[in-house]
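First up is the structure itself, then whatever we jot down about it.
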Amino acid sequence: MRPCMVIGVTIIACVTFASVFTSELAGQTLFARPDATPDYASYRHLEECQLAALRVTDEQETRKDTIWYDTAEFAIQTAHSLTLATSRRPDTAIQVASVCLNTFDADTVHIQSLSGAGYIVRGLLMAHRDQDAQRFAQRVLDSMRHKPADKFRDALSRLMFEYAVARPVRQQEAKHYYRELLVALKNDSLYYTVDAALFMAGMANRIGDSVLFEEVAWHAIRTNDATPVKERRNTWSATVRLQALVGSLMQLTKEEAFDSIAISTIAYNMYEANTVRARVYGEEELRTEKEIELFKVPDVVGEHYYVAATASSTAASRGLAPYTSKGAVPQGEIPVRNRINVIVTLPAYCHSEGSTRSFQGRPGARSGGGECFKPYARLRRLKQRFPDVEVTVLSSTFGTVGQLGPLTPTNEADTLAKLWLGFHHLPQRLVVEERPFFHVPDPDGRRIDLPTPYANTLQRETTYPLLFLTDKEGNSVDAPGANESDLWNRFVEILMKRASK
């Protein structure tokens, strides 16, 4: 049998197909149940094999799992992510990939592009043909050695990526290509070295390797230290890079963050300004306490204000939870004075659930699908864990709720209260601000929404969920870590202790 040939990433099986004829009688047989198992060996494209393996993985794991991880506690989500990163796919999925790639010869396949090579490595790792993947990876590197240096660097970077995102993560191989990449980058841009180290820091977090995280994260930060200050913002990816460095440095110095927030919000802001941002962004002069600014969250305003009964704070409540309408928000009521406040904005797409398609013909408007269930579950758990924290949900009118509409602002606000406070049992307050808008003249006639007064006050539009955590004086506290992470919860606990003194 001749070796297989691949054009791009298309697999051409090395068999001769004979014509198959169906008799008229056989073609008219009734109630013949077809074989539902796909003929994976007949798949011709590498992408088909990968998608088949992913589909079987989903059928064997996700659809049979009783936990909806998007709404689970952060610790459960983290444990699940760790399991996915460090465990094999179901044997059935591996077998599907193996059968699908049975005729694929990694030693003779033609390398047409680096992206195509990455797909090939990915497919081989899905089939657990690791030795074939390593030989092919070496072929890729050998083919790049006599090309410009940036091509060889890009090949190392792509291989590091494929081994780091594989399931399970091939940690040793990813670290091997990372080390080779660092050598190749010695005479190249420092930006690439920082990006490579940050990528490995992300992998270390996924697999729960704190030692590796500290090693590569500090390498990224020290490499950034060596970058001239005026050059740190001069690339198109500078914003993302510098924000990632800020997050990594805060994770590495979290104990200092805890100590500072325990003293005061000013002390924490000094830590953030002088320990973190000054180092990452290269500010030479450190700020004194007098130069530290506190952002006091402005009083929440809105024409429609609802307060849930205490029983609605428990997720175990059945039926529609009780709540009362209070009219407009009284001046100075929210943030609640001398209390820890969490204010969460829910944008217009949370007004609709289920479909992910655009709704009510609004340009750019989309349904939140299931993604708004994440903040719902987190808010309920937050109130359960910290009953004394004041929770406020802030939204604005959109003209519709789900498939209802058009609605008057009052009817829309009442419907949102029934949806969020009644049905979803969100604690504890809901404020709905009437959004100004205008209609484009006919025959277009569409509604164009404008920023609300409160969004203008915040100097940011609430087009996605935003979270504000305040101390008891109403000052915004930019707590590190993801909402509901151990880091974030520790911050809330410390603020609660401060407030009780």
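Filter the stretch 181-192 down to residues that are assigned to a helix (DSSP H, G or I) and over 26 Å from Leu82 (Cα atoms), then give me how many there are.
6
Just to confirm my filter: which strands (runs of 3 or more DSSP E) fall fully inside the stretch 378-465 and include at least 1 residues that are more than 30 Å from Asn483 (Cα to Cα) and out of contact with any His (no Cβ under 7 Å at 6 or more places or on another chain)? Steps first, please.
On the way: elements: 390-396, 429-433, 437-439, 447-449.
Counting at least 1 such residues, we get 437-439, 447-449.
I need the full set of residues from the stretch 44-79 which are more than 14 Å from Ile94 (Cα to Cα), among the aliphatic types (A, V, I, L, M) and in a helix (DSSP H, G or I), in order please.
Leu46, Ala75, Ile76, Ala79 - these are the residues of the stretch 44-79 that are more than 14 Å from Ile94 (Cα to Cα), among the aliphatic types (A, V, I, L, M) and in a helix (DSSP H, G or I).
Return the residues of the stretch 89-123 that are more than 19 Å from Arg158 (Cβ to Cβ), touching a residue at least 24 places away in the same chain (Cβ under 8 Å) and part of a helix (DSSP H, G or I); say none if nothing qualifies.
Thr92, Ala93, Ile94, Val96, Ala97, Ser98, Val99, Cys100
Being under 28 Å from Ala75 (Cβ atoms) and either surrounded by 21 or more Cβ atoms within 10 Å (Cβ to Cβ) or not assigned by TED's automatic domain parsing to the domain that holds Arg89 (or both) is the requirement here; does Leu159 meet it?
Numbers: under 28 Å from Ala75 (Cβ atoms): no; either surrounded by 21 or more Cβ atoms within 10 Å (Cβ to Cβ) or not assigned by TED's automatic domain parsing to the domain that holds Arg89 (or both): yes.
Here the answer is no, as Leu159 does not meet what is asked.
Go through the stretch 226-254 residue by residue and tally those that are surrounded by fewer than 16 Cβ atoms within 10 Å (Cβ to Cβ) and either within 23 Å of the chain's Cα centre (by Cα) or at pLDDT 95 or above (or both). Steps first, please.
Residues of the stretch 226-254 that are surrounded by fewer than 16 Cβ atoms within 10 Å (Cβ to Cβ), as a first pass: 226, 228-231, 233-240, 243.
Narrowing the set further to residues that are either within 23 Å of the chain's Cα centre (by Cα) or at pLDDT 95 or above (or both) leaves 236-240, 243.
Within the stretch 226-254, residues that are surrounded by fewer than 16 Cβ atoms within 10 Å (Cβ to Cβ) and either within 23 Å of the chain's Cα centre (by Cα) or at pLDDT 95 or above (or both) number 6.
Applying the selection to the stretch 76-113, what residues are touching a Phe, Trp or Tyr at 6+ places or on another chain (Cβ under 8 Å) and under 13 Å from Leu124 (Cα atoms)? I'd like the intermediate steps shown before the answer.
If we filter the stretch 76-113 for residues that are touching a Phe, Trp or Tyr at 6+ places or on another chain (Cβ under 8 Å), which is where we start, we get 76-77, 80, 96, 99-100, 106-107, 109.
Of everything in the stretch 76-113, those that are touching a Phe, Trp or Tyr at 6+ places or on another chain (Cβ under 8 Å) and under 13 Å from Leu124 (Cα atoms) turn out to be Val96, Val99, Cys100, Ala106, Asp107, Val109.
How many residues, within the stretch 195-218, are without any contact (Cβ under 8 Å) to a residue 60 or more places away in the chain and β-branched (Val, Ile, Thr)?
Counting residues in the stretch 195-218 that are without any contact (Cβ under 8 Å) to a residue 60 or more places away in the chain and β-branched (Val, Ile, Thr) gives 2.
Could you go through the stretch 484-499 and let me know if any residue there is in the same structural domain as Gln384 (by TED's automatic domain parsing), touching a Lys or Arg at 6+ places or on another chain (Cβ under 6 Å) and surrounded by 21 or more Cβ atoms within 10 Å (Cβ to Cβ).
In the first step, residues of the stretch 484-499 are kept if they are in the same structural domain as Gln384 (by TED's automatic domain parsing); the result is none.
Within the stretch 484-499 (the criterion being in the same structural domain as Gln384 (by TED's automatic domain parsing), touching a Lys or Arg at 6+ places or on another chain (Cβ under 6 Å) and surrounded by 21 or more Cβ atoms within 10 Å (Cβ to Cβ)), the answer is no, since none of the residues qualifies.
Do you know which of the residues in the stretch 56-88 that are among the basic types (Lys, Arg) and over 20 Å from Ala204 (Cα atoms) is surrounded by the most Cβ atoms within 10 Å (Cβ to Cβ)? Step through it out loud before you land on a result.
Pass one, the stretch 56-88, residues among the basic types (Lys, Arg): 63-64, 88.
Remaining after also requiring over 20 Å from Ala204 (Cα atoms): 63-64.
Numbers: Arg63: 7, Lys64: 9.
The extreme case among them is Lys64.
Pull out all pairs, ordered by first then second residue, where Cβ-Cβ is under 7 Å, the residues are six or more apart or on different chains, the first lies in the stretch 231-245 and is of a type in the set (S, T, N, Q), and the second is modelled with pLDDT of 90 or more.
Thr235/Tyr191
Determine if the stretch 457-465 includes at least one residue that is surrounded by 15 or more Cβ atoms within 10 Å (Cβ to Cβ) and at positive phi.
Checked against the condition, which is being surrounded by 15 or more Cβ atoms within 10 Å (Cβ to Cβ) and at positive phi, the stretch 457-465 yields no hits at all.
Within the stretch 213-233, is even one residue polar (S, T, N, Q), out of contact with any helix residue (DSSP H, G or I) (no Cβ under 8 Å at 6 or more places or on another chain) and not in a helix (DSSP H, G or I)? Walk me through how you get there before you give the answer.
As a first pass, look at the stretch 213-233 and keep what is polar (S, T, N, Q): 223-224, 227.
Still in the list and also out of contact with any helix residue (DSSP H, G or I) (no Cβ under 8 Å at 6 or more places or on another chain): none.
No, the conditions are met nowhere in the stretch 213-233.
Table: residues versus (1) within 28 Å of the chain's Cα centre (by Cα); (2) farther than 30 Å from His80 by Cβ.
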{"site": "Ser143", "(1), (2)": "no, yes"}
{"site": "Pro148", "(1), (2)": "no, yes"}
{"site": "Ala155", "(1), (2)": "yes, yes"}
{"site": "Arg158", "(1), (2)": "yes, no"}
{"site": "Pro168", "(1), (2)": "yes, no"}
{"site": "Gln171", "(1), (2)": "yes, no"}
{"site": "His176", "(1), (2)": "yes, no"}
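Just one of Glu231, Glu215 is closer than 22 Å to Thr78 by Cβ and charged (D, E, K, R); which is it?
Glu215
If I filter the stretch 366-376 for residues that are of a type in the set (Lys, Arg), in a loop (DSSP other than H, G, I, E, B) and modelled with pLDDT under 85, do I get at least one hit? Steps first, answer last, please.
Of the residues in the stretch 366-376, the ones of a type in the set (Lys, Arg) are 366, 374.
Subset that is in a loop (DSSP other than H, G, I, E, B): 366.
With the extra rule that they be modelled with pLDDT under 85, the set shrinks to 366.
Checked the stretch 366-376: at least one residue is of a type in the set (Lys, Arg), in a loop (DSSP other than H, G, I, E, B) and modelled with pLDDT under 85.
The values are calculated or read from the model by the stated rules, or taken from the named source; none is laboratory data. Quantities reported herein were computed from a predicted structural model and do not represent experimental measurements. Glycine also receives a Cβ, built like all others from the backbone with ideal geometry; neighbour counts cover every protein chain displayed.
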